[in-house]
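Read through the structure below, which is laid out as structure tokens, and then see the notes.
The values are calculated or read from the model by the stated rules, or taken from the named source; none is laboratory data. This structure is a prediction, so every number in the text was calculated from the model and none was measured. With ideal geometry, Cβ positions are generated from the backbone for all residues, glycine too; neighbour counts draw on all protein chains shown.
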Amino acid sequence: MKIAILNGSPHKANTSAMVDAFLQGAQEAGHEVEVLHVGKMKIAGCLGCEYCHTKGNGQCIQKDDMEKVMPAYLDAEMIVYASPIFYSGITAQLSAAAQRVYAIGKPAKATKAALLLSSATKSYGGAVATYQNMINYMGLEDKGIITAVGDENGSEDKLNEIRNFAKNI
Ligand SMILES: Cc1cc2nc3c(=O)[nH]c(=O)nc-3n(C[C@H](O)[C@H](O)[C@H](O)COP(=O)(O)O)c2cc1C
């Protein structure tokens with residue numbers, strides 16, 4: 001299965017450790033995985049201008065790093081959203097990349113999704129709700145949500161849990 005992981009963290013630390021563990025497990029199971037570091041990309045928020053649904057014919061009027069993400073939205077069979085919790089939600093960077101799928105409506109081939117969240121405290125409820133609403137809207141099946149809170153971040157137990165999760169997806 002082709003899996004695209006959208007890593008919304010702006011730096012390489014806790015969320016990236018979760019993403020790397022998922023990548024290892026998924027590759028061991030024979031999946032083809034691409035990691036998109038959307039947290040480090042320049043992706044503006046959707047303008048809601050409807051250019052994509054009129055003159056643009058599926059193309060966004062904004063020319064930015066979303067052009068690196070769109071091929072994955074067209075090709076991946078599973079989307080994994082990964083983010084640190086910032087003010088109880090996913091990062092603005094991941095939010096922008098997630099919402100800009102609007103240009104094509106929803107990921108073209110994807111039927112499955114998963115969520116990886118890293119935080120200091122158990123304040124991830126808002127991010128989980130956003131993810132659930134978003135994938136319901138897009139018709140994707142949730143394959144699981146893994147959170148790493150506080151000391152769980154970077155722990156071998158948590159990373160193994162993620163590797164096994166990805167192996168059995
Ligand atoms: C701007 C900012 C806002 C944050 N807000 C929260 C929060 O609301 N709740 C929480 O538990 N942790 C919060 N944190 C902590 C991060 O979620 C946590 O350190 C996470 O492990 C960082 O992941 P990363 O290393 O991939 O960036 C915040 C961190 C930053 C920088």
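Yes/no matrix, rows are residues, columns are (1) more than 16 Å from the ligand (Cβ to nearest atom); (2) closer than 22 Å to MET138 by Cα; (3) surrounded by 15 or more Cβ atoms within 10 Å (Cβ to Cβ):
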| residue | (1), (2), (3) |
| --- | --- |
| ILE3 | yes, yes, yes |
| ASN7 | no, yes, yes |
| GLY30 | yes, no, no |
| THR54 | yes, yes, no |
| GLY58 | yes, yes, no |
| TYR73 | yes, yes, yes |
| GLU77 | yes, yes, yes |
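On the basis of being surrounded by fewer than 20 Cβ atoms within 10 Å (Cβ to Cβ), among the aliphatic types (A, V, I, L, M) and under 21 Å from GLY56 (Cβ atoms), does ALA92 make the cut? Please lay out each step first, then the result.
Values: surrounded by fewer than 20 Cβ atoms within 10 Å (Cβ to Cβ): yes; among the aliphatic types (A, V, I, L, M): yes; under 21 Å from GLY56 (Cβ atoms): no.
When the stated conditions are applied, ALA92 does not pass them.
From the residues in region 111-169 that are among the β-branched types (Val, Ile, Thr) and touching a residue at least 60 places away in the same chain (Cβ under 8 Å), which one is surrounded by the fewest Cβ atoms within 10 Å (Cβ to Cβ)?
Of the residues in region 111-169, the ones among the β-branched types (Val, Ile, Thr) are 111, 121, 128, 130, 135, 145-147, 149, 162, 169.
From the residues that got through so far, the ones that are touching a residue at least 60 places away in the same chain (Cβ under 8 Å) too are 146, 162, 169.
Working: ILE146: 20, ILE162: 25, ILE169: 18.
Of everything passing the filter in region 111-169, ILE169 is surrounded by the fewest Cβ atoms within 10 Å (Cβ to Cβ).
Could you tell me which of the residues ALA166, ALA108, ALA148, ALA120 is within 18 Å of the chain's Cα centre (by Cα), at pLDDT 95 or above and within 14 Å of the ligand (Cβ to nearest atom)?
Values: ALA166 fails: within 14 Å of the ligand (Cβ to nearest atom); ALA108 fails: within 14 Å of the ligand (Cβ to nearest atom); ALA120 fails: within 18 Å of the chain's Cα centre (by Cα).
Selected residue: ALA148, the only one of ALA166, ALA108, ALA148, ALA120 that is within 18 Å of the chain's Cα centre (by Cα), at pLDDT 95 or above and within 14 Å of the ligand (Cβ to nearest atom).
Within region 79-101, how many residues are of a type outside the set (A, V, I, L, M, F, W, C) and away from the ligand (no atom under 16 Å from the Cβ)?
The initial filter retains those residues of region 79-101 that are of a type outside the set (A, V, I, L, M, F, W, C), namely 81, 83-84, 87-89, 91, 93, 95, 99-100.
Checking the rest, the ones that are also away from the ligand (no atom under 16 Å from the Cβ) come to 99-100.
Of the residues in region 79-101, 2 are of a type outside the set (A, V, I, L, M, F, W, C) and away from the ligand (no atom under 16 Å from the Cβ).
When the residues of region 14-63 are filtered to those that are assigned to a loop (DSSP other than H, G, I, E, B) and touching a strand residue (DSSP E or B) at 6+ places or on another chain (Cβ under 8 Å), which remaining residue is nearest to ASN164 (Cα to Cα)? I'd like the intermediate steps shown before the answer.
Within region 14-63, the first condition is being assigned to a loop (DSSP other than H, G, I, E, B), and the residues that meet it are 29-31, 37, 41-50, 54-63.
Applying the additional criterion that residues be touching a strand residue (DSSP E or B) at 6+ places or on another chain (Cβ under 8 Å) yields 31, 37.
Numbers: HIS31: 13, HIS37: 23 Å.
Top of the filtered list is HIS31.
Could you list, in sequence order, all residues of region 140-168 that are in contact with a Lys or Arg (Cβ under 7 Å, 6 or more places away or on another chain) and not charged (D, E, K, R)? It would help to see each step written out before you state the result.
Looking only at region 140-168, we keep the residues that are in contact with a Lys or Arg (Cβ under 7 Å, 6 or more places away or on another chain), and these are 140-141, 143, 148-149, 152.
Selection gives LEU140, ALA148, VAL149.
Among the residues of region 103-124, is any within 21 Å of MET41 (Cβ to Cβ), part of a helix (DSSP H, G or I) and of a type in the set (Lys, Arg)? Can you show your working first?
Restricting attention to region 103-124, the residues satisfying the condition of being within 21 Å of MET41 (Cβ to Cβ) are 103-104, 106-108, 110, 113-118.
Right, trim to part of a helix (DSSP H, G or I) and you get 103-104.
Retained after the next criterion (residues that are of a type in the set (Lys, Arg)): none.
Looking for residues that are within 21 Å of MET41 (Cβ to Cβ), part of a helix (DSSP H, G or I) and of a type in the set (Lys, Arg), one finds none in region 103-124, hence no.
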